[in-house]
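Colleague: Dumping the structure here so I can ask a few things about it.
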Amino acid sequence: MSLLPDVDVRDPDALADALRTHGACRLQGFPGDAASAALRTDLLRLREDLPFVPASVGRGTGLAHHAATRGDATLWLDDPRAGLAAADYLGALGALCVALNRRLFQGLDHVEAHYAAYPAGARYTRHRDRFRDDDARVVSLVTYLNPGWGLDDGGALRLALDAGDVDVAPTSGSVCFLSELEHEVLPSTHARYSIAAWLRRRPARN
C-alpha cells in the first residue's frame with residue numbers, strides 16, 4: 001500500500017507539486033490543534049441545537065437521498081448558525097485557495113465546506129467530488145475532528161490513486177486530493193466527524 005506524502009501547509013509550492021505528482025497528500029499544520037478543537041466543539045454544539053441535513057448524492061434534478069450510498073448528515077460552514085471557528089476555517093481555506101491558484105493555474109477563486117457527521121456503520125460509496133457535467137470542483141480537502149481515534153475504529157477515507165488504494169484514518173489533521181479522484185468513506189464502529197471542503201474554479205463564461 002502506498003503512503004501519502006506529508007506537506008506543510010506553509011509550503012504551497014510543495015502542495016501543488018504533491019497534487020500534480022501523487023494526486024493527494026496529507027496536509028500538516030492545517031488547521032492546527034487549537035483550531036481543530038474549536039471546530040469539533042462547534043460541530044458538537046450545532047448537533048445538539050439543530051438537526052443536520054441528511055446528505056444527498058447527484059445534483060440538479062438528479063439530487064436524491066440514498067442512505068446506503070451516503071450516510072452522513074451535513075451543515076454548511078457559511079450557515080449563520082455556525083460559530084467563529086467555522087468562519088476562521090473558511091478564511092484559512094480561502095487563503096490556501098489563492099496560494100494554490102498561483103501555482104496550479106486552474107482559475108480557483110472560491111471555496112465551500114460543510115461539517116459532516118457519520119453515525120456508526122454509515123459509509124459513502126466510491127465516487128468523485130467533481131460532477132460529470134460540472135468541473136468547478138478542482139481540489140478536495142477533508143479535515144478530521146476525531147481525537148483519540150483508533151485504527152480498529154474504521155471510518156477510513158480510501159483514495160484510488162494510480163499507485164494503488166490508500167486508506168487514511170480519520171484521526172486528526174487534513175488530507176488534500178484532486179476532486180477527480182475516486183474515493184470512498186468506509187464504515188466506522190462509532191460516530192465520525194469531519195469537514196469536507198472544495199477549492200472551486202470560476203464558472204466558464206458563455
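Colleague: Can you sort Leu181, Leu3, Leu157 so the residue with the fewest Cβ neighbours within 10 Å comes first?
Modeller: Neighbour counts put them in this order, fewest first: Leu3, Leu181, Leu157.
Colleague: With a Förster radius of 22 Å, plug the Cβ-Cβ distance of Ala160 and Gln106 into 1/(1 + (r/R0)^6) and report the FRET value to the nearest 0.05.
Modeller: For R0 = 22 Å, the calculated efficiency reads 0.55.
Colleague: DSSP loop (so not H, G, I, E, B), at most 16 other Cβ within 10 Å: list which GluC sites (Glu not before Pro) in the range 155-185 pass both filters.
Modeller: Within the range 155-185, the qualifying GluC sites (Glu not before Pro) (loop, at most 16 other Cβ atoms within 10 Å) are Glu180, Glu182.
Colleague: Let me ask you something else. Going by average Cβ neighbours within 10 Å, how do the peptides 38-45, 193-200, 170-177, 123-130 rank, with the highest at the top?
Modeller: Sorting 38-45, 193-200, 170-177, 123-130 by mean packing, highest first, produces 193-200, 170-177, 38-45, 123-130.
Colleague: Please report the antiparallel percentage of DSSP beta bridges with both residues in the chain, rounded to the nearest 5.
Modeller: 95
Colleague: Can you compute 3J(HN,Hα) from phi for each residue in the range 86-95, using the Karplus curve 6.51 cos²θ - 1.76 cosθ + 1.60 with θ = phi - 60°, rounded to whole Hz and x for Gly and Pro?
Modeller: Residue by residue, the range 86-95 yields 5, 5, 5, 4, 4, x, 5, 5, x, 5 Hz.
Colleague: While we're on this one: Rg to Rh for the chain: what is it, with Cα atoms only and Rh by Kirkwood?
Modeller: 0.93
Colleague: Cut-off 20 Å, label point 7 angstrom out along Cα-to-Cβ of Asp49: give me the residues of the range 77-101 whose amide nitrogen falls inside.
Modeller: Answer for this model: 77-91.
Colleague: Specify the inter-centroid distance of the range 84-124 and the range 30-47, based on alpha-carbon positions, in whole Å.
Modeller: Distance between centres, Cα-based: 14 Å.
Colleague: Here is a further query. In nm, what is the difference between 0.36 nm times the number of residues separating Ser172 and Leu84 and their Cα-Cα distance?
Modeller: Length gained between Ser172 and Leu84: 29.7 nm.
Each reported figure results from applying straightforward, stated rules to the coordinates on display, with no laboratory input. Treat the numbers as computed from the prediction; the structure is a model and nothing was measured. In this analysis, Cβ positions are derived from the backbone assuming ideal geometry, glycine residues included, and neighbour counts consider all displayed protein chains.
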